[in-house]
Amino acid sequence: FRLPDPPARDAIETELIRAFPERAEEIRRGLAAGEVVDRHGNPVGEYARPVKGEDVWLHIAPPPEPEVPGTLEVVYRDGDMVVVDKPHFLATTPRAGHIRQTALVWARVATGEDELVPAHRLDRGTAGLVVMAVHPRVRGALAGQFQRRAVNKRYLAVTKLPEGAPRAFERRS
């Protein structure tokens with residue numbers, strides 16, 4: 001958590017509770033247990049005052065999320081990348097109400113690779129292959145392939161069509 005700049009007159013505890021009012025008790029417990037730390041890993045006391053440019057680290061457990069059905073399969077893995085088959089309705093990366101129930105978190109758990117990062121994304125409702133970089137040194141190269149459209153992607157949509165529509169058609173873009 002980045003503390004206000006210029007520093008507020010209030011204690012760090014007050015700043016954290018102002019930012020996360022619904023987690024006040026959790027923050028107080030974390031401060032009392034020495035689980036809120038500065039950039040050096042030193043516990044921040046509950047009455048400590050903010051210092052200009054200081055960050056503090058704390059873990060606030062994410063709220064419960066609805067479980068996404070399906071599994072994430074690792075289809076390819078080498079020293080630089082992991083390719084996973086993401087099921088429908090699983091977000092690619094954490095955001096909004098989806099933190100644990102994401103392809104990134106599932107892939108990190110499945111592979112044990114804590115620095116894994118997707119090189120691209122698929123919409124939550126779309127199933128398919130997602131390429132993830134294992135190391136920071138290859139992230140830019142992999143993501144660049146997708147940004148420059150050097151990767152050929154193919155989507156298949158299966159849907160119920162209105163009466164009289166053609167049974168199948170192909171659209172390319």
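Out of everything in region 81-133 that is open to solvent by 40 Å² or more (accessible area, probe 1.4 Å) and basic (Lys, Arg), what residue ends up being farthest from residue 144 (Cα to Cα)?
Among residues in region 81-133 that are open to solvent by 40 Å² or more (accessible area, probe 1.4 Å) and basic (Lys, Arg), the one farthest from residue 144 (Cα to Cα) is 100.
Name the residue, out of 123, 85, that is more than 30 Å from residue 17 (Cβ to Cβ), in contact (Cβ under 8 Å) with a residue 40 or more places away in the chain and charged (D, E, K, R).
On inspection, the qualifying residue turns out to be 85.
Does residue 54 satisfy the condition of being out of contact with any Cys (no Cβ under 9 Å at 6 or more places or on another chain), of a type in the set (D, E, K, R) and either modelled with pLDDT under 85 or open to solvent by 80 Å² or more (accessible area, probe 1.4 Å) (or both)?
When the stated conditions are applied, residue 54 passes them.
Just to be sure I understand the filter: pairs with C-beta atoms under 9 Å, separated by 6 or more residues or on different chains, first member in region 5-19 and open to solvent by less than 60 Å² (accessible area, probe 1.4 Å) and of a type outside the set (Lys, Arg), second member part of a helix (DSSP H, G or I) and at pLDDT below 75. Which pairs pass?
So the pair list comes out empty.
Check region 62-78 and report whether any residue there is modelled with pLDDT of 95 or more, within 22 Å of residue 152 (Cβ to Cβ) and under 16 Å from the mean Cα position of the chain (by Cα).
no
Given the criteria under 14 Å from residue 124 (Cα atoms), surrounded by fewer than 16 Cβ atoms within 10 Å (Cβ to Cβ) and of a type in the set (Gly, Ala, Ser), does residue 61 qualify?
Here the answer is no, as residue 61 does not meet what is asked.
Restricting attention to region 143-152, report how many residues are in contact (Cβ under 8 Å) with a residue 12 or more places away in the chain and either open to solvent by 60 Å² or more (accessible area, probe 1.4 Å) or touching a Pro at 6+ places or on another chain (Cβ under 9 Å) (or both).
2
Being open to solvent by 40 Å² or more (accessible area, probe 1.4 Å), under 30 Å from residue 3 (Cα atoms) and not polar (S, T, N, Q): is that true of residue 157 here?
Criteria not met by residue 157.
The values are calculated or read from the model by the stated rules, or taken from the named source; none is laboratory data. Fair warning: this is a prediction, and the values are worked out from it, not measured in the lab. Because the Cβ atoms are built from the backbone with ideal geometry, glycine has one as well, and the counts that use them run over all protein chains shown. Accessible surface areas use protein heavy atoms only, side chains included; no ligands, DNA or RNA. Shrake-Rupley method; radii C 1.70, N 1.55, O 1.52, S 1.80 Å.
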